Amino acid sequence: MLKLPISEKRLEILEWLKDPAAHFPPDRHGDLVEDGVTAAAVAVKLGVRRAVADTHLGLLAGIGLLRTKRIRRRTYYRRDEVRIAEVGRMFEKGW
């Protein structure tokens with residue numbers, strides 16, 4: 001898999017995370033809106049192995065589009081709306 005910042009799968013993940021309650025089942029340990037979703041939940045939704053979902057989520061978190069939160073032994077991912085808006089403005093200005 002190429003390590004491009006944005007791909008069709010990553011755009012799908014970002015879109016799902018706009019409204020996680022509509023796209024993912026409830027989690028026992030975290031709130032979908034407040035905390036985010038796990039890589040396992042994203043893997044099921046994408047139909048891929050968890051390691052593949054981890055790679056996508058890690059890259060999006062690494063460039064600042066997702067925030068992470070640890071609850072117990074799991075990492076939860078949610079959108080960083082401020083950073084996403086900043087990136088959008090950079091592209092509007094012609095970067």
Among the residues of segment 1-50, write down those that are basic (Lys, Arg) and over 24 Å from ARG72 (Cβ atoms). LYS3, LYS9, ARG10, LYS18
Unmet criterion (only one of (1) over 22 Å from GLY88 (Cβ atoms); (2) loosely packed, with under 15 Cβ neighbours inside 10 Å) for LEU32: (2)
Please work out which one of (1) farther than 12 Å from ILE13 by Cα; (2) surrounded by 13 or more Cβ atoms within 10 Å (Cβ to Cβ) is the condition ARG72 fails and give its number. (2)
Can you list residue pairs whose Cβ atoms sit under 6 Å apart, with the first residue in segment 31-55 being closer than 16 Å to ARG10 by Cβ and the second being assigned to a loop (DSSP other than H, G, I, E, B)? Count only pairs 6 or more apart in sequence or on different chains. VAL37/PHE24; ALA41/PHE24
Candidate set: segment 12-29, residues that are touching a residue at least 40 places away in the same chain (Cβ under 8 Å) and surrounded by fewer than 14 Cβ atoms within 10 Å (Cβ to Cβ); chosen: the one nearest to GLY88 (Cα to Cα): LYS18
Within segment 35-66, restricting to residues that are assigned to a strand (DSSP E or B) and in contact with a helix residue (DSSP H, G or I) (Cβ under 7 Å, 6 or more places away or on another chain), the one that is surrounded by the fewest Cβ atoms within 10 Å (Cβ to Cβ) is LEU66
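Find the residue count for segment 41-75, including only residues that are out of contact with any Ser or Thr (no Cβ under 6 Å at 6 or more places or on another chain) and hydroxyl-bearing (Ser, Thr, Tyr).
Let us first name the residues in segment 41-75 that are out of contact with any Ser or Thr (no Cβ under 6 Å at 6 or more places or on another chain), namely 41-60, 62-67, 69-73.
When the remaining residues are screened for being hydroxyl-bearing (Ser, Thr, Tyr), the result is 55.
Here the count works out to 1.
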Residues being under 17 Å from LEU17 (Cβ atoms) and free of Cβ contacts under 8 Å to residues at least 12 places away in the same chain - total across segment 70-85: 3
Give the number of residues within segment 59-88 that are among the small types (Gly, Ala, Ser) and at pLDDT 95 or above. 1
Checking TYR77 against (1) surrounded by 11 or more Cβ atoms within 10 Å (Cβ to Cβ); (2) in a helix (DSSP H, G or I); (3) not charged (D, E, K, R), which single condition isn't satisfied? (2)
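The values are calculated or read from the model by the stated rules, or taken from the named source; none is laboratory data. Treat the numbers as computed from the prediction; the structure is a model and nothing was measured. Glycine gets a Cβ as well: all are built from the backbone with ideal geometry, and neighbour counts include every protein chain shown.
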